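Visitor: Here's a structure for you.
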Amino acid sequence: MTAFAETHAAAALPLVDPFGRAISYLRVSVTDRCDFRCVYCMSEDMHFLPKQDLLTLEELDRLCSAFVARGVQKLRITGGEPLVRRDIMKLFRSLSRHLVAGTLEELTLTTNGSQLARFASELADCGVKRVNVSLDTLDPDKFRKVTRWGELSKVMDGIDAAQAAGLSVKINAVALKGVNDDEVETMIEWAHGRGMDLTFIEVMPMGDIEPSRYEQYWPLSQLRAGLMDRYTLDDLDYRTGGPARYVRVRETGGRLGFITPLTHNFCESCNRVRVTCTGTLYMCLGQDDAADLRTPLRASWDDAALLKAVEAAIARKPKGHDFIIDRTTSRPAVGRHMSVTGG
Ligand code: SAM
Ligand code: SF4
């Protein structure tokens, strides 16, 4: 069979891992850089990759398109901060052709919101319907501390612009002991008052950071128990293709999500893989095994070698992660920071 025929024969097959999980969701980190340095995500003196190591926007497009051809239905652009990558809208614009063609169900992004005011309407124009904005506190001073120097007002402007452009906004907040444990109700009232879902995430032990993870870690079982006095939480079947489990808060009418990699492992339904900005494919957020896709991508103009490398990698997707945070475990579960694989 010629390489072209091989590529097209393979294109009909979805990617399925050894545990029977079809891979329908790809998260792509387009840069490891960020305009914030959130205390749970990065250390203060991060060293970023030299720009020449990054895949070009054209290469990122080719990589994403190869996954779409193999059954990926949902693409999430992330980072680092995706909106600080130069000309990133060109990537959104070119990927939007898969939405138009009906081969891609959803193109979306996770952002810290700092640049959203500039890009919201263009994102909507590229077919983006939903954005996740990460925001851990509504207090400007705490916000500056958590992000090490971020301006809350810019993120608020970004959220306003996104909603004005017709984007549905979901807020993601990392549950942080001593930071937002006194703000949960305020955040629920604020997000639901603006028609936004709010999801809390347990902090994951990824990468070395200055504060101890144990000091930051606030189990969502505790957060949830604390809400019981004030709210009635009705379990929902609603899913967005991710690991969040949702409840409806009866008093606000809004949706509240919980992502609990520590207290309740959700790996059995994992449908996703992640690619970094250098073209490294991670089959699991919480494991080190990875596959280099940049070499096969650059080796030839057709996608046969690339798809072979993708298949070989998916064939060794592990069953799950084993994150632990406790008093005695000081090493992170994986050495890379969340900003490398994009959350
Ligand atoms: N910069 C963008 C943002 O903040 O939304 C996208 C990348 S960021 C790495 C993606 C998500 O990962 C954010 O919601 C962030 O809060 C979360 N995150 C980063 N480090 C984390 C950690 N150690 N544990 C849990 N979530 C983390
Ligand atoms: Fe940047 Fe997002 Fe990491 Fe915060 S969580 S440092 S905004 S990449």
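The values are calculated or read from the model by the stated rules, or taken from the named source; none is laboratory data. From a predicted model like this one, the values you see are computed outputs, not experimental measurements. Note that we place each Cβ from the backbone using ideal geometry, even for glycine, and neighbour counts take in every protein chain shown. Heavy atoms of the whole protein, side chains included, go into the accessibility calculation; ligands, DNA and RNA do not. Shrake-Rupley method; radii C 1.70, N 1.55, O 1.52, S 1.80 Å.
Visitor: Taking segment 107-140 as the search range and keeping residues that are of a type in the set (Gly, Ala, Ser) and outside any loop (DSSP other than H, G, I, E, B), which one is most open to solvent (accessible area, probe 1.4 Å)?
Guide: Going through segment 107-140, the residues of a type in the set (Gly, Ala, Ser) turn out to be 113-114, 117, 120-121, 124, 127, 134.
Retained after the next criterion (residues that are outside any loop (DSSP other than H, G, I, E, B)): 117, 120-121, 124, 134.
Numbers: Ala117: 58, Ala120: 1, Ser121: 83, Ala124: 32, Ser134: 41 Å².
Across segment 107-140, the extreme among qualifying residues is Ser121.
Visitor: Tell me, which residue of segment 33-59 that is open to solvent by less than 20 Å² (accessible area, probe 1.4 Å) and modelled with pLDDT under 95 is farthest from ligand 2 (Cβ to nearest atom)?
Guide: Among them, the one singled out is Ser43.
Visitor: Moving on to the next point. Taking only segment 105-123 into account, find how many residues are within 20 Å of Cys277 (Cβ to Cβ) and more than 16 Å from ligand 2 (Cβ to nearest atom).
Guide: The number of residues fulfilling the criteria is 2.
Visitor: Separate question: Here's a check for you: in segment 161-175, which residue that is in a helix (DSSP H, G or I) and surrounded by fewer than 22 Cβ atoms within 10 Å (Cβ to Cβ) is nearest to ligand 2 (Cβ to nearest atom)?
Guide: That would be Ala161.
Visitor: Any residue in segment 217-236 that's closer than 18 Å to Met204 by Cα: show its pairings with residues that are in a helix (DSSP H, G or I) and modelled with pLDDT of 95 or more at Cβ separation under 9 Å, as long as the two are six or more apart or on different chains.
Guide: Leu223/Val184
Visitor: Out of everything in segment 77-101 that is touching a Gly at 6+ places or on another chain (Cβ under 8 Å) and in contact (Cβ under 8 Å) with a residue 40 or more places away in the chain, what residue ends up being most open to solvent (accessible area, probe 1.4 Å)?
Guide: Only one residue tops the list, namely Arg85.
Visitor: Can you find a residue that is closer than 18 Å to Thr260 by Cα and either among the basic types (Lys, Arg) or outside any loop (DSSP other than H, G, I, E, B) (or both) anywhere in segment 149-160?
Guide: No: segment 149-160 contains no residue that is closer than 18 Å to Thr260 by Cα and either among the basic types (Lys, Arg) or outside any loop (DSSP other than H, G, I, E, B) (or both).
Visitor: With the checklist (1) small (Gly, Ala, Ser); (2) away from ligand 1 (no atom under 16 Å from the Cβ); (3) at positive phi in hand, flag the one item Gly113 doesn't pass.
Guide: (2)
Visitor: Please give the number of the condition Leu104 fails out of (1) surrounded by fewer than 18 Cβ atoms within 10 Å (Cβ to Cβ); (2) within 18 Å of the chain's Cα centre (by Cα); (3) more than 16 Å from ligand 1 (Cβ to nearest atom).
Guide: It fails just one condition, (1).
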